[in-house]
2 protein chains.
Amino acid sequence: MSENRTHVGKEKILEKAEKLFTEHGFQAVSIRSIADICGVTNAALYYHFEDKAALFAEVMKRHTQRLSEHLAQAGEAFESPKDKIYAMAKEYLRLVSNRQNFMFLIRHHGREIRESNPRSGFVEMVTDVLSPFDDVLDQAVESGDVRPFPEGYSGASILIGMIHGLSGYQRIQGGDALREEDLENVIDYFWNGIKT
Amino acid sequence: MSENRTHVGKEKILEKAEKLFTEHGFQAVSIRSIADICGVTNAALYYHFEDKAALFAEVMKRHTQRLSEHLAQAGEAFESPKDKIYAMAKEYLRLVSNRQNFMFLIRHHGREIRESNPRSGFVEMVTDVLSPFDDVLDQAVESGDVRPFPEGYSGASILIGMIHGLSGYQRIQGGDALREEDLENVIDYFWNGIKT
């Protein structure tokens, strides 16, 4: 029973902490503010997490594992690898463009957070986010639609780079977020670039 | 004579300030520390620049205009647009990967600097860096090698996104900087993606 309460407590903490980090950023949120919003003592938090960086790493891990499943599901309704990639990229873009989503924080302040927290699990986060795309690309390579990537490449990292390259350019020029047709164009460039 | 001294002074200030910003970042460098290293008073700096953000914006403008010319020159030795793009991208990558280069600061901390300084001239900076690439792409469109990009696109922003996508992925996995063959591969993907 006590073990069960501890488990519930941890999930609740992670959920509330994710909300706080998303709203206020990494620096501005303290162990104290998370404890306050959870209605527990600091000690209760330190029972579960070594420090704020460890707590943040768990929030991120929980979020990106779910995101990874969510993206894979977004692709499932489609037959062709290219259509799957498009559906997943659209969903990815929707989430990272939303200030109320934890991924917005990661996308826009990930570097600062990572540099101040070398143990923060960013490698796993990147793999979690890219893997649903890379899984589809692997299948497309196997079926002969796409040329194999060299060892150590993530095709998805190149695609996501293209998307953020164009969307960053348009944003800095004062434009809106990428439109669906822009995403279609970028995926066309990518697919034509890698196909057999 | 006095006017001439003022002019020389400004160039010298910009040069020394660029070095300081490159070494210590934007936040850590003050008007005072720039004045000290130039051997002038704070007032002498305020004669030329309204504040630190304005000084930084001029450092960046001076740097990226020169960079733009430098990249265009790196492409000049080559005939085909694709070879020009490769030569320019190689040079770009060499510079942004070098901690002793001002572009390293912009690449790695540009967002923080931009967010704390809305007037910092980042739009012009982005255009300066991308324009030598986009000029070559425009020529390739005119000669019929490459499909026209839609209104408001910078093809270069997509290419640079691809390069940073893969290099960021490899860096986070603990790998080295992009090798020449990786850059060749990325440019192949890009070129195949946009060609007619």
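Divide, for chain B, the radius of gyration over alpha carbons by 2.2 N^0.38 Å, where N is the residue count.
Ratio of Cα Rg to 2.2 N^0.38 Å: 1.16.
Express the relative contact order of the range B:38-196 as a whole percentage, based on alpha carbon pairs under 8 Å and six or more residues apart in sequence.
25
What is the fewest-to-most order of A:14, B:166 by other Cβ atoms lying within 10 Å of their Cβ?
By the 10 Å Cβ count, ascending, the order reads A:14, B:166.
For B:184, A:18, which order do you get if you count the other beta carbons within 10 Å of each Cβ and list the fewest first?
Sorted ascending by nearby Cβ count, the order is B:184, A:18.
Need one value for B:17-29: mean number of C-beta atoms belonging to other chains within 10 Å of its residues' C-beta atoms.
On the way: counts 0, 0, 0, 0, 0, 0, 0, 0, 0, 0, 0, 0, 0.
Mean shielding by partner chains, rounded to a whole number: 0.
Give me, ordered by chain and number, the residues 5 or more places off residue B:146 or on other chains with an amide H under 5 Å from its own placed amide H.
It is B:141, B:196, by chain and number.
If you take the charge dipole of the protein assembly as shown about its Cα centre, with +1 on Lys and Arg Cβ and -1 on Asp and Glu Cβ, which of B:154, B:172, A:161 is farthest toward its positive end?
Comparing the listed Cα positions along the dipole, B:172 ranks first.
With n ≥ 4 as the cut-off for DSSP H runs, can you work out [θ] at 222 nm for chain B, using -39500 (n - 2.57) per run divided by the number of residues, rounded to the nearest 500?
Helix contribution divided over all residues of chain B: -26000 deg cm²/dmol.
Counting other beta carbons within 10 Å of each residue's own, what order do B:68, B:167 fall into, fewest first?
Going from least to most buried by this count: B:68, B:167.
Using Cα-only point scatterers and the Debye equation, what is log10 of I(q)/I(0) for the protein assembly as shown at each q in 0.07, 0.11, 0.14, 0.15 Å⁻¹, rounded to two decimals?
After summing over all Cα pairs, the log10 values are -0.38, -0.89, -1.27, -1.38.
Quick check for me: using +1 on Lys/Arg Cβ and -1 on Asp/Glu Cβ, what's the dipole size of chain A about its Cα centre, in debye to the nearest 20?
760
Straight distance only, please: which lysines reach the Cα of residue A:10 with their own Cα at less than 29 Å, same-chain residues fewer than 8 apart left out?
List returned: A:19, A:52, A:61.
On average, how many beta carbons from a partner chain sit within 10 Å of the beta carbon of a residue in A:145-154?
Counting Cβ atoms of other protein chains within 10 Å of each residue's Cβ and averaging gives 3.
Read the figures in this text as sums done on the coordinates, not as results from a lab. Because the structure is predicted, anything quoted here is derived from the model rather than measured. Note that we place each Cβ from the backbone using ideal geometry, even for glycine, and neighbour counts take in every protein chain shown.
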